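To keep things clear, I will list the structure first and then write my remarks on it.
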Amino acid sequence: MNELKEIYDRITFLRGKGIKMKEMAEQAQLTPSVLSAMYSTVFPAYFKNVEKGMDDNEALDNALMWVNNLSKKKLFGLLPQMKQALFAMEVVVKEKPDSMNPFLSELAHNARQSVNHITNFSGIYTSYSLSSNTNDLKIEPYFIAPAENGNYIEVGHTNAHGTTHWGFGLMNGMSHLYLVFNESHAPQLSMFNICLKLPMFDRPPFLRGIYQCFDYNYNPIARRILLVKQTDRAERSKFLQQKGNLKSYDELSEIERLYYSYTCREGDVIRMCNIPTPQMTTDDLTLEKKILELSKL
């Protein structure tokens, strides 16, 4: 029941923004005790039961046994108005005047505001893209969710070599989602970012986009990437248990070969390289393309 997850995530987000349970209950025209029972007892018990393998109805029946002020019929009657009321609550972000560069201020503002729209896209994903130095399919886990403090979209990524990176997300309205990371440790800045095109679809099963990063020689590279959703529940512990890996074409399953065809075929990678010459003339541009053509063989 995705509606229960959406409501639970929205309450968590609003609490992170400092909104009290009493205020949410008043907005949804509920008594605080009923809303509190749902959030602290019924929803967590339901999610845990589903993880154990129970079907939705059995999981919910079992969860409702732990409270005495809420029946299944009453819960289903309350869900529509609760969802509408909670998502209608506007979170007012107080901007602090500062001397920051206007563009940096705009990014910080966007990071805070984007959290209001990330619910449909939160979860744990598996990404598929072409390896930077082989023809293998790179398979890696991604994490997308509101940060615990509710001030930005937190994104995580574990690469094929076992390193986990944490970054932040930005949204261009409802058309694009940007995932931004630093692949190195400070003070070195080695940015990689993904621009995902958001479909007009409620809780889409996958997201498509372009991944821009450096190759192993620190030359810029851009390639197609596909993120396939594993679960709507963005559990940090579950994400951290997962590892990335590389697979050759012969090792791929049928569905993975479909992903390979989408992300790793000719024309899905844009590369450049440094030319070892002190002249730096327009001839270098022709030479660069020849070198890149030879690297495909």
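A few notes on this one:
- Taking region 103-206 and the strands (runs of 3 or more DSSP E) fully enclosed by it, the elements with 1 or more residues that are open to solvent by 10 Å² or more (accessible area, probe 1.4 Å) and in contact with a helix residue (DSSP H, G or I) (Cβ under 7 Å, 6 or more places away or on another chain) are at 123-130, 137-146, 164-172.
- When residues in region 233-277 are screened for being farther than 17 Å from Ile139 by Cα and not small (Gly, Ala, Ser), 12 of them pass.
- The C-beta contact set for region 167-180 (first residue closer than 14 Å to Val115 by Cβ, second residue of a type in the set (S, T, N, Q) and open to solvent by less than 20 Å² (accessible area, probe 1.4 Å), distance under 6 angstrom, 6+ apart or interchain) comprises Leu170/Ser114; Met171/Ser114.
Per-residue answers, yes or no, for (1) over 29 Å from the mean Cα position of the chain (by Cα); (2) within 15 Å of Lys83 (Cβ to Cβ):
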| residue | (1), (2) |
| --- | --- |
| Lys22 | yes, no |
| Glu26 | yes, no |
| Met38 | no, yes |
| Asn49 | no, no |
| Asn57 | no, no |
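- Met89 vs. criteria at pLDDT 85 or above and either closer than 25 Å to Asn120 by Cβ or within 26 Å of the chain's Cα centre (by Cα) (or both): no
- Filtered by the rule that a residue be surrounded by fewer than 17 Cβ atoms within 10 Å (Cβ to Cβ) and touching a Pro at 6+ places or on another chain (Cβ under 9 Å), region 22-48 gives Lys22, Glu26.
Here's the yes/no breakdown for (1) closer than 30 Å to Ile124 by Cα; (2) in contact (Cβ under 8 Å) with a residue 40 or more places away in the chain; (3) not in a helix (DSSP H, G or I):
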site	(1), (2), (3)
Ile255	yes, no, no
Tyr260	yes, yes, no
Pro278	no, no, yes
Glu288	no, no, no
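- Condition check for Phe43: in contact with a Ser or Thr (Cβ under 9 Å, 6 or more places away or on another chain) and at pLDDT below 90: no
- Condition check for Ile194: free of Cβ contacts under 8 Å to residues at least 40 places away in the same chain, touching a Gly at 6+ places or on another chain (Cβ under 7 Å) and of a type in the set (Val, Ile, Thr): yes
- Single residue of region 207-234 satisfying the filter (part of a loop (DSSP other than H, G, I, E, B) and polar (S, T, N, Q)) that is surrounded by the most Cβ atoms within 10 Å (Cβ to Cβ): Asn219
- Lys238, sole failed condition from (1) open to solvent by 50 Å² or more (accessible area, probe 1.4 Å); (2) under 30 Å from Asn49 (Cβ atoms); (3) not hydrophobic (A, V, I, L, M, F, W, C); (4) not in a helix (DSSP H, G or I): (4)
The values are calculated or read from the model by the stated rules, or taken from the named source; none is laboratory data. Small disclaimer: the values here were computed from a predicted structure and weren't measured. Please note: Cβ atoms are built from the backbone with ideal geometry, for glycine as well, and neighbour counts cover all protein chains shown. Each accessible area value is taken on the protein alone, full model and side chains, heavy atoms only, with ligands, DNA and RNA left out. Shrake-Rupley method; radii C 1.70, N 1.55, O 1.52, S 1.80 Å.
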